[in-house]
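Below: one structure, written as structure tokens.
The values are calculated or read from the model by the stated rules, or taken from the named source; none is laboratory data. No experiment lies behind these values; they were computed from the predicted model shown. Because the Cβ atoms are built from the backbone with ideal geometry, glycine has one as well, and the counts that use them run over all protein chains shown. These accessible areas exclude ligands, DNA and RNA; they are computed on the full protein's heavy atoms, side chains included. Shrake-Rupley method; radii C 1.70, N 1.55, O 1.52, S 1.80 Å.
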Amino acid sequence: MISDIKTILITKAQELLSRGSAGVYTANQLSSLVDLETIKIFNSSLQNSKIRNKDENELALVAVGGYGRNELAPFSDIDIMLLADKRSLWVEDVSQKVLYSLWDTGLSISHSFRTLPECMEDGFSDIKTRTSLIESRFLAGSQHLFDQFMTDIGQKLLYRNRKDFVSDQLRDAFKRHKTYGGSAYLLEPNVKEGIGGLRDAHSAIWLARTALKEPRGEWLRTVLPQYLFRHFKTAYDFMLRARISLHIASGRCNEALSYDMQKSVAEMMGFRKTKRFRSEEILMRLYYREAKKISDSFKYVSSAAGSSLGHRKNSFFVKKITDNYLISGNEIVLKNADALRITSSIMEAFYVFSLTGKKLSFSLREAIRSRLLFINKKTRYSKKARDYFFDILRGSRVYETLSEMHDLAVLDRYIPEFGRLRNLVVYEPYHRYTVDAHTIIAIKNLESLKFTRQTSLAYLAEILKGVKQETLYLAVLLHDIGKGVSKRHEEDGYRIIKAVLDRFDLNAEDRQLIGFLIRNHILLSRLALHRDISSPETTALLAGSVVDAKNLAALYLMTYADMSAVNPEFWSDWKATLLHSLYVKTLEHLSGALTFEKSDFSGELRALVEDMPRRYIISSTPDEITLDSKLVHDMRSKGTVLNFTVMTEGSALLTVAVLDRPGIFSRIVWALTNNGLNIANAKLFTGNSGLVIDKIVISNWKEIWWEGMQDDLEKDLLKAMSSTEPLPLCISRDRSHQRHSLFESFVEIDNESSEVSTIVECFSIDRIGLLYDIASIFNSMGLNIISAQINTEDGIAQDVFYLQYNDTKLNSHKIIDALNRLYIII
């Protein structure tokens, strides 16, 4: 239940936002309302104390932290400090009365009690306490005590150990940025703690006040260049309005601008949909623009603060790199200011950046920024500019250089087709970044393969050595330029790149490869994750698309770059295994080689592979077949046999050998689900004799493992598979808590890709028991699950099943029946 004071704050905030009031003004007004309440309670507590202040102690009520800055949102914590000259019974009594009364208001009170010496001690022992005390503002009580605090303790907190303060601030910012996604361009950013959020603005102000001695209340006016100060002010105000709106829309203290909040926040801030963009898309594009302004300001102040306190060593070494650029003071500087009149010299600056590993000086960055509009058609067709650009793509700092070019909008001007992607929000499952940020991260991850120590990436790193680097990087840079045009972004991208490739005057071979990669860049991942990779049709389809080993290698690298940049967790060891397996099978197909045939086996092994379908041999190693044969041997004497193999990445492979009977897979799923286990992948093989070998990968085995778990699980599995009774439901059908309402559930039927099976793909918000429900439907319809690809990530289930009815594909009546039943449960 929301208290009266919070209701007043929400109402006031809504009123001010609806009138278009500034964020700073709105936050100040909310602070003033809280001031009235806290001051009234403090004064009342003084009057109602029954303990005599015989020592004439002094006590002051002080606003600190965000409250001290006059920067409140409706559900912000109210940071207060009770400041005393010394501790006494009277001080303790008044303080308790103040706190109890404040808690009774329903406000979220964050409090501290300190004497003057304790302010010093606490401030220098904890960086967060120090910055909170720097923001102190007098509310009530002893003005004399507060003035004493500000003139003595406050000054020491600001200026003592300044080098340590700067180092701590920068270290804290680095950790915070890493914790909150490492990018300002997350699709669900944190408006307070993320890169370019309010905390970066606060950090910049603290650094300016401490290291650069800027007076309180200047808000970086005396530190930043005039244009950047204007940008900072508007961006800071935008972030405050966004935060206040987010609190109101959430009905709680929430700093994460998640998908489900964006539309409400956008409308509260006055954004309306247009013919091209939804209101939330407009909000987010503006958010990224403003976040960059704050991030740029923070970087500028951080650099200035470090330099002022000697964090950078001065260097008088000057070295000529080109006719236009020098290295001076460990930075790249412009030798001749007139050089940038020829815009190809701008590209030359980034070539020097790539070549030397040095940073562009601030003055050079500003000079480049001032010449952006002169990067035009003539520059784009300039041979000099093109040569510099491709030298960058051939270099050893491709990611850093392209990122710097993008940061200064040079890349946007030079390749306007890419510039259209800046801050572009496309809502897709699993994705966490804007399209341009995703692309830059993809290049970073691809380049990082050169230095990887991960065993699972060693093969990719080796393949990278044999690919023409500049062609591959250009393909990655352009791979998503069709996004935002239509849903078929691969085809649109392929159409758009023609103009780009014409300008770059590429040879026919490079044009062909780039065109192929852009048109097919999701092909390998789609087949590996959503088709049975052991199926000969899957291998043949991929081989027919890539044509040769060179295209296959480049597509493998492109797929890694693209998938690993979706979000930090999307690329996994299991996906790496699937992709590598399909890559190897396709490479063998292209070369005409097969690993082994049925004739390579004898005895029980030969009997097993003769019984199993052809795809069993394709998808299994000789060692796996040997193990399966032992399990089958045991099964014939013991009945159902289970085997668990724990994998290095923390998942586990469950192999089940059993004689076929209706619903066996759904019963296995039920037992696993009931034990909280997630199925990542399933391969189901049914032999001519009715022998079933199911191989199921459990993704969270290590996460939930406990002593005795495997024994308990085996009992549950054997009981479920042997029973003929209906199984109790283990599911909750409530999906209201899920956050992916903007992605529509769907079922797709493919009756063409496989010669013997019907392929059914189900895309849905995940929930407990979903897979069991789907498998139960197939069982009730008399359908046989030949194999399955189970993918569950980020709250979304994307499962693919190969189905047969009476040993053949589903007819039209069965397909319609399956669709009707599946749409009820997803």
Next item on the list: Give 295, 354, 302 a once-over and let me know the one that is free of Cβ contacts under 8 Å to residues at least 60 places away in the same chain, of a type in the set (Ser, Thr, Tyr) and either open to solvent by 40 Å² or more (accessible area, probe 1.4 Å) or assigned to a helix (DSSP H, G or I) (or both).
Entry: 354
Next item on the list: Only residues that are in a loop (DSSP other than H, G, I, E, B), under 18 Å from residue 342 (Cα atoms) and open to solvent by less than 20 Å² (accessible area, probe 1.4 Å): list them for segment 380-422, please.
Entry: 408, 415
Next item on the list: Out of 562, 480, report the one residue that is among the acidic types (Asp, Glu), in a helix (DSSP H, G or I) and either free of Cβ contacts under 8 Å to residues at least 24 places away in the same chain or crowded, with 21+ Cβ neighbours inside 10 Å (or both).
Entry: 562
Next item on the list: Could you tell me whether segment 423-438 includes any residue that is open to solvent by 20 Å² or more (accessible area, probe 1.4 Å), at pLDDT 95 or above, under 18 Å from the mean Cα position of the chain (by Cα) and of a type in the set (A, V, I, L, M, F, W, C)?
Entry: no
Notebook entry, point to check: Can you pull out the residues in segment 88-117 that are open to solvent by 50 Å² or more (accessible area, probe 1.4 Å), in a helix (DSSP H, G or I) and not basic (Lys, Arg)?
Noted result: 89, 92, 96, 100, 103, 104, 117
Note to self: So the check is Cβ under 7 Å with 6+ separation or different chains; which pairs have a first residue in segment 21-42 that's without any contact (Cβ under 8 Å) to a residue 40 or more places away in the chain and a second one that's charged (D, E, K, R)?
What the structure shows: 29/12; 33/12
Checklist line | Residue ranges of strands (runs of 3 or more DSSP E) in segment 758-804 with at least 1 members of a type in the set (Phe, Trp, Tyr) | finding: 758-765, 796-804
Notebook entry, point to check: in a loop (DSSP other than H, G, I, E, B), within 17 Å of residue 248 (Cβ to Cβ) and at pLDDT 90 or above, is that true of residue 21?
Noted result: yes
Next item on the list: Could you give me the residue pairs with C-beta distances under 9 Å whose first residue belongs to segment 156-182 and is farther than 18 Å from residue 134 by Cα, whose second residue is open to solvent by 60 Å² or more (accessible area, probe 1.4 Å) wherever it lies, and which are 6+ apart or on separate chains?
Entry: 181/432; 181/568; 182/568
Notebook entry, point to check: (1) surrounded by fewer than 17 Cβ atoms within 10 Å (Cβ to Cβ); (2) of a type in the set (Gly, Ala, Ser); (3) under 20 Å from residue 749 (Cα atoms): which one isn't true of residue 581, the others all being true?
Noted result: (3)
Next item on the list: Within segment 125-176, track down each residue that is more than 25 Å from residue 78 (Cβ to Cβ), among the β-branched types (Val, Ile, Thr) and more than 33 Å from the chain's Cα centre (by Cα).
Entry: 151
Note to self: Condition first: in a helix (DSSP H, G or I) and either farther than 20 Å from residue 697 by Cβ or at pLDDT 85 or above (or both). Can you find one or more residues in segment 647-663 that meet it?
What the structure shows: no
Next item on the list: State the number of residues belonging to segment 153-204 that are in a loop (DSSP other than H, G, I, E, B), polar (S, T, N, Q) and open to solvent by less than 40 Å² (accessible area, probe 1.4 Å).
Entry: 1
Notebook entry, point to check: Which of (1) of a type in the set (A, V, I, L, M, F, W, C); (2) touching a residue at least 60 places away in the same chain (Cβ under 8 Å); (3) open to solvent by less than 50 Å² (accessible area, probe 1.4 Å); (4) within 28 Å of residue 568 (Cα to Cα) does residue 797 not meet, given it meets every other one?
Noted result: (2)
Next item on the list: Scan segment 721-739 and give yes if some residue there is at pLDDT 90 or above, farther than 30 Å from residue 259 by Cα and surrounded by 14 or more Cβ atoms within 10 Å (Cβ to Cβ), otherwise no.
Entry: yes
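Residue by residue, here is whether (1) of a type in the set (Gly, Ala, Ser); (2) part of a loop (DSSP other than H, G, I, E, B); (3) on the phi > 0 side of the Ramachandran plot holds:
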{"site": "446", "(1), (2), (3)": "no, no, no"}
{"site": "449", "(1), (2), (3)": "no, no, no"}
{"site": "453", "(1), (2), (3)": "no, yes, no"}
{"site": "456", "(1), (2), (3)": "yes, no, no"}
{"site": "462", "(1), (2), (3)": "no, no, no"}
{"site": "471", "(1), (2), (3)": "no, no, no"}
